[in-house]
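Report on the structure given below.
What follows is calculated from the coordinates using simple rules that are stated; it is not laboratory data. Computed from a predicted structure; not experimentally measured. Positions of Cβ are generated from backbone atoms using ideal geometry, with glycine treated the same way; all protein chains shown enter the neighbour counts.
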Number of protein chains: 2
Amino acid sequence: MQLMKALVLTRFGDVDGFELQEVPKQEPKPHQVLVQIHATSVNAVDYQTRRGDYKHLVKLPAILGVDISGVVEAVGESVKQFKVGDAVYYSPQLFGDFGSYAEYHVADEQIVAKKPTNLSHTEAACFPLAAGTAWDCLVTRGQLQVGESVLIHAGAGGVGSFAIQLAKAMGAYVFTTCRALNHNLVKKLGADYVIDYIGEDYVEVIQRFTNGKGVDLVLDTVGGDTIGRSLNVIRPYGRLVSIVDIATPQSLLEAWGKNLTVHFVFTPQYRAKLDALKYLIERNQLRPVIDSVMPLNQVAQAHQRLEQGGTAGKVVLQVLGCLS
Amino acid sequence: MQLMKALVLTRFGDVDGFELQEVPKQEPKPHQVLVQIHATSVNAVDYQTRRGDYKHLVKLPAILGVDISGVVEAVGESVKQFKVGDAVYYSPQLFGDFGSYAEYHVADEQIVAKKPTNLSHTEAACFPLAAGTAWDCLVTRGQLQVGESVLIHAGAGGVGSFAIQLAKAMGAYVFTTCRALNHNLVKKLGADYVIDYIGEDYVEVIQRFTNGKGVDLVLDTVGGDTIGRSLNVIRPYGRLVSIVDIATPQSLLEAWGKNLTVHFVFTPQYRAKLDALKYLIERNQLRPVIDSVMPLNQVAQAHQRLEQGGTAGKVVLQVLGCLS
């Protein structure tokens, strides 16, 4: 049995729970590919899992990490779409047994896609989970249409920064909220109207700007009271898409009178959306927003950086050569 | 100015607030029809409005009532679809200035439809609001598909009894909840699986019967904790449709992990759905379920009957000849 190095989470809690260990290197089954990981990136679900928010779903010790850009090192006998040497990017299934904080990963070929040719592995590792989530929210579930308007909460965040670009590529008018220091960033990404997260009230701003008509769609990447308050800025028969699961009961009273629809999203993994994103990336309609790049052995600092909030774009972790 | 008799609500509160009065008879504007009302029926929104739940939307004195079956007595100069003598049925706009507890009603022709030819006015007055709501929930918003399964809460109620029949006409498998004494009724309407509202737990029953898979769609006509609990019996990517607006915050935690969609419905009025219902009624795929028939001057008793719960189908009020 071959071994590989991985940063293994040994206990739930603070960032000291990661340990560099040697663990068995998986063999690809007939429909699987074995990928040497070049880069990964940190998502909110990583630190939420680390601190124990999903302890009912995750068995320790566990290898976290849900973004991969890398190169195919071996393929199962039934694999048709990939060959050894292909550069690929994808998101491992959430809460699965093996994540991306490791030298290698084995995945069903149906969730793997060719890496965009115009991106480095560091850049490509920003996309799978966050941009794939934005895709499911705006395309698959929210069905944003050309000419519609959308409010994207936290536009400088991991999902938000892709959602702005995607909404723009879809021909929508984009409102977004962020901190003042990120206003230029979200403008560059394509936001039409930027609302100061701290100093302004988005309900008041959008009511005023749309003459009380509201927007067609709201994307909630924030949680808290965002669902309840956002219902006030959606037009009749409009939609809200939420990706932040919260146990707190939500106030929905505004939803009935306006015939609203709320979509709850826990993004699934499949190749088609990664292929669609690749197309947009290669046309330069989607680009990575990188907050910082660190080696994987600094995962503790990377978690802290994302967890404390205020990042602009993705925190990327370089894997290849960073686990010795 | 001509006068007409109406049962006017003079104060919010108990059923003593209705007074028989003579009020101005409206003239139809160019796109309106004047209808002599033969029958109306009582809906939950009637007693909710009477007791003051919507006092921010309703100005007193007011004429309540949101179902009409009657005969066109005059038409405005631009009316194209109707002529004097046509039998029609429709639902006046909710919270409008004039309702159906009166001898006459004036309406825009776009919300009026020809009455099904195989129904009496008493029967036809059961349909517009309740069956129209069922239509919006299952067809327009819920998009129930042939072969899908649906849980209809309170299947013996006004909306529920039409929803069962409509779901059946659409080719769906119908679960419903009701009191034991109405089990035979909902079976006759087409329910495939009846759950005792009192003695059984619908979450447990449906989990067991579907081997944990859940139903495709849930229709909540009940309120309370029905949204939160029903999320447990919907399949991944399934839908819930709710028509009961409630101020109490709702627990939604189950919705994210299963990628659910929730549609909130406040039913709009338009002719197309009444025409569609007429087609189904005339093919005997939809029939009225009448709990009781009373003259309009017994509106107090009618409200009490519906408000106390446990009715089977609609409480109809005869109007023609009942206001002298």
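Odds and ends about this structure:
- Selected from A:Pro92, A:Pro30, A:Pro236 as most flexible by GNM, with chain A as the system and alpha-carbon contacts under 10 Å: A:Pro30
- For B:Leu20, distant residues with modelled amide H under 5 Å away: B:Val8
- All-pairs alpha carbon distance profile, the stretch A:149-225, 5 Å steps from 0, percent: 3, 18, 31, 27, 17, 4, 0
- For B:Lys80 and A:Ser324, the FRET efficiency from 1/(1 + (r/R0)^6), where r spans their Cβ atoms and R0 equals 56 Å, is about 0.10.
- Approximate shape of the stretch A:130-264 as ellipsoid semi-axes (Cα gyration tensor, √5λ), whole Å, largest first: 20, 16, 15
- Under a Gaussian network description of chain A, with springs only between Cα atoms under 10 Å, the residue in A:Lys314, A:Lys273, A:Lys213 that fluctuates furthest is A:Lys213.
- Measuring nothing but how far apart in sequence close Cα pairs (under 8 Å, 6+ apart) lie, relative to its length, chain B scores a relative contact order of 19 percent.
- Under the Debye formula (equal points on every Cα, no solvent term), log10 I(q)/I(0) of the protein assembly as shown at q = 0.05, 0.06, 0.11 Å⁻¹: -0.30, -0.42, -1.06
- Spin-label model, A:Asn211/A:Arg51: points 7 Å from Cα along the beta carbon direction are separated by 4.5 nm.
- Label distances, nm, A:Gln143 versus same residue in remaining copies, Cβ-directed 7 Å point: 0.3
- Point-to-point label distance, B:Leu181-A:Gln110, nm (Cα→Cβ direction, 7 Å offset): 5.2
- Under 5 Å, built H, 5+ apart or other chain: amide partners of B:Val215: B:Ile234, B:Arg235
- Annotation: the antiparallel percentage among DSSP beta bridges lying fully within chain A is about 55.
- Modelled FRET efficiency - R0 41 Å, A:Phe95 with B:Ile198, Cβ distances, 0.05 increments: 0.60
- Distances between placed amide hydrogens fall under 5 Å for B:Gln285 paired with no residue 5 or more residues away or on another chain.
- Of A:Ser120, B:Ser324, the sequence from fewest to most neighbouring Cβ atoms within 10 angstrom is B:Ser324, A:Ser120.
- Summed side-chain charge close to B:Val71 - residues other than B:Val71 whose Cβ falls under 13 Å, Lys, Arg +1, Asp, Glu -1: 0
- Residue-count net charge about A:Asn118 - beta-carbon cut-off 10 Å; Lys, Arg +1, Asp, Glu -1: +2
- In loop segments of the stretch B:1-66 as defined by DSSP, the trypsin sites (Lys or Arg not before Pro) with at most 16 further C-beta atoms inside 10 Å of their C-beta are B:Arg11, B:Arg51, B:Lys55, B:Lys59.
- Candidates A:Leu219, A:Leu34, A:Leu60, ranked by Gaussian network fluctuation over chain A, Cα under 10 Å, top entry: A:Leu60
- Contact order relative to length of the stretch A:130-264, as percent, for alpha carbon pairs under 8 angstrom and 6 or more apart: 21
- C-alpha long axis of helix A:271-282 to longest principal axis of chain A, angle in °: 70
- Test item: B:263-273 mean partner chain Cβ contacts at 10 Å: 3
- Proximal charge balance of B:Leu7 [Cβ under 13 Å; K/R count +1, D/E count -1]: -3
- For B:Lys278, the aspartates and glutamates whose Cα falls under 16 Å of its own Cα, not counting residues fewer than eight places away in the same chain, are B:Asp67, B:Asp86, B:Glu123, B:Asp136.
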